[in-house]
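The values are calculated or read from the model by the stated rules, or taken from the named source; none is laboratory data. Remember, predicted model here, so these are calculated numbers, not experimental data. Glycine gets a Cβ as well: all are built from the backbone with ideal geometry, and neighbour counts include every protein chain shown.
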Amino acid sequence: MAKLRITDYLTELKTEAAGLRSICGPDVLDRVAPSRPDTTVAGLLLELAHLYRWAVDAMFTPPTDDRDLPEPAPLTAEGPAVLDAFDQSLAAVLDAVETRGPDAPAWTWAPVEWRAEFWHRRTAVATGLARWDAQMAVGATAPVPVALAAETIAEVFEAFIPSGARRGAYPEATGLVQLFAQDADASWFVRLREGRVALLDQPDARAELQARAAGSASDIALALWGRLPFGICDVVGDESLLQAVRVV
């Protein structure tokens, strides 16, 4: 499990949002990000603005066991209006994260404790990924910071995979996988059994690994999210098991 954890998501969110916004002038909005060929820089900003609005709603709406909180309607905008929509949504979510402490009650879509901290991390992680994608579109990338990348990996196994958000079905995938983020000095051990995935605190000492990926926390996080191939890491064993833990 990760040893490096973030306690101040607000600072991470501000830093990543500033990095993203600094490269998103009107002249780059129509560029396609190679890491996200399904969308443009404008699309990345509108996706984030949509997430920010949902996060604000969730953090200020008292959670109830019998009611989900629907996503806001998708945002539509063109040209400079995209930047305005993003800036307004960012200001709102920054205020919400600052106002609603991590222990404040908040609905989430994941099988985790219903606290605002879920949205603190979700918005910071999503912004870091979008910043990396947008930088790819302009040909100048910097890795996801180590601590945020470690949280990105942890979120995959704590929220997304338990919710069924995986990239494809792997019904035959069986084996023990280790992801080792060298710069974070953190490992995640994952047991796959007939396609099902379980995160282990510590595997049995007698258990044999079927696959291992070692690299920077950023590279592992980006590989899990399909931005980079796992081949960017030092891979040993059955790489198909690594593909089975990627998320959409």
Matching option when the condition is of a type in the set (D, E, K, R) and over 27 Å from Ala106 (Cα atoms), among Arg21, Arg67: Arg21
Read through the list (1) more than 21 Å from Leu44 (Cβ to Cβ); (2) among the small types (Gly, Ala, Ser); (3) not in a loop (DSSP other than H, G, I, E, B), then give the number of the only condition that Ser218 fails. (1)
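Every residue, every condition in (1) closer than 16 Å to Ser216 by Cβ; (2) touching a strand residue (DSSP E or B) at 6+ places or on another chain (Cβ under 9 Å); (3) crowded, with 21+ Cβ neighbours inside 10 Å, yes or no:
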{"site": "His120", "(1), (2), (3)": "no, no, yes"}
{"site": "Thr123", "(1), (2), (3)": "no, no, yes"}
{"site": "Thr127", "(1), (2), (3)": "no, no, yes"}
{"site": "Asp133", "(1), (2), (3)": "no, yes, yes"}
{"site": "Ala142", "(1), (2), (3)": "yes, no, no"}
{"site": "Ile161", "(1), (2), (3)": "no, yes, yes"}
{"site": "Gly168", "(1), (2), (3)": "no, no, no"}
Looking only at the stretch 136-169, and only at residues there that are assigned to a loop (DSSP other than H, G, I, E, B) and of a type outside the set (Gly, Ala, Ser), the one that is modelled with the lowest pLDDT: Arg167
Could you please let me know if Glu78 is over 18 Å from Gly25 (Cα atoms) and of a type outside the set (Val, Ile, Thr)? no
Might you let me know whether the stretch 203-213 holds any residue that is crowded, with 21+ Cβ neighbours inside 10 Å and either touching a residue at least 24 places away in the same chain (Cβ under 8 Å) or touching a strand residue (DSSP E or B) at 6+ places or on another chain (Cβ under 8 Å) (or both)? yes
Please list, ordered by first then second residue, the pairs with beta carbon atoms under 7 Å, 6 or more apart or interchain, first in the stretch 14-30 and in the same structural domain as Ala137 (by TED's automatic domain parsing) and without any contact (Cβ under 8 Å) to a residue 60 or more places away in the chain, second part of a helix (DSSP H, G or I) and surrounded by fewer than 16 Cβ atoms within 10 Å (Cβ to Cβ). Pro26/Pro80
What number of residues within the stretch 99-118 are surrounded by 21 or more Cβ atoms within 10 Å (Cβ to Cβ) and among the basic types (Lys, Arg)? 1
I'm checking my understanding of the structure. Among residues of the stretch 93-152 that are more than 17 Å from the chain's Cα centre (by Cα) and among the aromatic types (Phe, Trp, Tyr), which one is nearest to Ile23 (Cα to Cα)? Trp107
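This table checks each residue for (1) surrounded by fewer than 13 Cβ atoms within 10 Å (Cβ to Cβ); (2) assigned to a helix (DSSP H, G or I); (3) among the acidic types (Asp, Glu).
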residue	(1), (2), (3)
Pro62	yes, no, no
Leu69	no, no, no
Thr76	yes, no, no
Val82	no, yes, no
Ala85	no, yes, no
Ser89	no, yes, no
Ala92	no, yes, no
Val97	no, yes, no
Report, ordered by the first and then the second residue, all pairs with beta carbons closer than 6 Å, sequence separation of six or more or different chains, a first member in the stretch 135-161 that is touching a residue at least 12 places away in the same chain (Cβ under 8 Å) and over 18 Å from Glu113 (Cα atoms), and a second member that is polar (S, T, N, Q) and in a loop (DSSP other than H, G, I, E, B). Gln135/Thr141; Met136/Ser35
Would you pick out the residues in the stretch 191-217 that are under 21 Å from Asp234 (Cα atoms), of a type in the set (A, V, I, L, M, F, W, C) and over 18 Å from the mean Cα position of the chain (by Cα)? Leu192, Ala207, Leu209, Ala211, Ala213, Ala214
Taking the conditions exactly as written (under 17 Å from Leu228 (Cα atoms), more than 17 Å from the chain's Cα centre (by Cα) and buried (at least 18 other Cβ atoms within 10 Å of the Cβ)), does Ala181 satisfy them or not? no
So Val112 passes all but one of these: (1) of a type outside the set (D, E, K, R); (2) at pLDDT 95 or above; (3) in the same structural domain as Thr64 (by TED's automatic domain parsing); (4) in contact with an Asp or Glu (Cβ under 7 Å, 6 or more places away or on another chain). Which condition number does it fail? (2)
